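See below for the structure under consideration.
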Amino acid sequence: MDAVKAPDFSNQIIQLVDSTIAYTKDFMGASDAALGNISNPNNTSAIVAVQQASSVPLEIQKLDYFQFVEDIVRAMLDIMANRYGRRIVKLTEAQAKDLNLVRIDPMTGMPAVDQMGMPQYETSLPIDFSVLKNLTYDLSVDVGQASYWSEQTQVQTADALFDRQVITDPVMYLEMIPDKYIKNKGKIVEALKLQQEQAQLMQQQMMQQQMMMGAEPLPEEADPNVTRGMRDGTDDRGAGDDATQQVYATSKEFYQ
């Protein structure tokens, strides 16, 4: 039995599929110009200009989306004011430090410190969200298109600033690097901040010790302001080298 051969189909079916894909991309704003697929571009500014021009037909949809996001933020504030009530809010160590939420030792009533002498901070804070009802606040929600930004450019700029000693703080340098380039970036930053605080605390302690040592009085024998004379009922004005003793003996005989 001979195999049955499938009939040939028209190439217009493939063209229809390609046209559907192309129209769908254009309507969704994912055109070649928007994706940067431009043949022989002169410079990056030309690519950006073409991308912006291709997105003009979608400006109304973009503005509607921006308004939608702003309305969501305002609605969330109303929900928080009416539904949240009093809750415990968790804070990071850095946030608690910025707010100066130093933990108080219930036994002593003094600020709590760790084994290194560093202050401890409260990482949980009770907040009554109902106070938002009585607040008159001016809310501004900034919603817009993100600027053109390259992670590689960010890293290269940070490296150049650190190499040229424009940025000397390693914490600031690490905060400029995107998180995905450095594993456990947050822990490294916290460890560096702790080292800086400990070094600053040790430096302050050394300065205080130096000030205390400088304020101590000199010994009586080394005090230049103490003149020789009668000490404890003993005449020691002739004490010293041979020349001093001879001058004292001569003057003593003269006055006697």
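Residue pairs whose Cβ atoms lie under 6 Å apart, separated by 6 or more positions or on different chains, with the first residue in region 72-91 and under 12 Å from VAL131 (Cα atoms) and the second in a strand (DSSP E or B) and among the acidic types (Asp, Glu), are ARG86/ASP128.
Only helices (runs of 4 or more DSSP H) whose full extent lies in region 42-98 are considered here, and the ones with at least 3 residues that are modelled with pLDDT of 90 or more are 59-79.
Can we say ILE127 is within 28 Å of the chain's Cα centre (by Cα), modelled with pLDDT of 85 or more, exposed (fewer than 10 other Cβ atoms within 10 Å of the Cβ) and not in a helix (DSSP H, G or I)? Taking the combined requirement at face value, the residue does not satisfy it. If you go through region 172-213 and keep only what is within 19 Å of GLN152 (Cα to Cα), at pLDDT 85 or above and not in a loop (DSSP other than H, G, I, E, B), you end up with MET172, TYR173, LEU174, GLU175, MET176, LYS185. The residues of region 149-171 that are farther than 18 Å from LEU192 by Cβ and part of a loop (DSSP other than H, G, I, E, B), listed by number, are TRP149, SER150, ARG164, VAL166.
The values are calculated or read from the model by the stated rules, or taken from the named source; none is laboratory data. None of the values given here were measured: they were computed from a predicted structure. Neighbour counts are summed over all protein chains in view; Cβ atoms, including those assigned to glycine, are modelled from backbone coordinates with ideal geometry.
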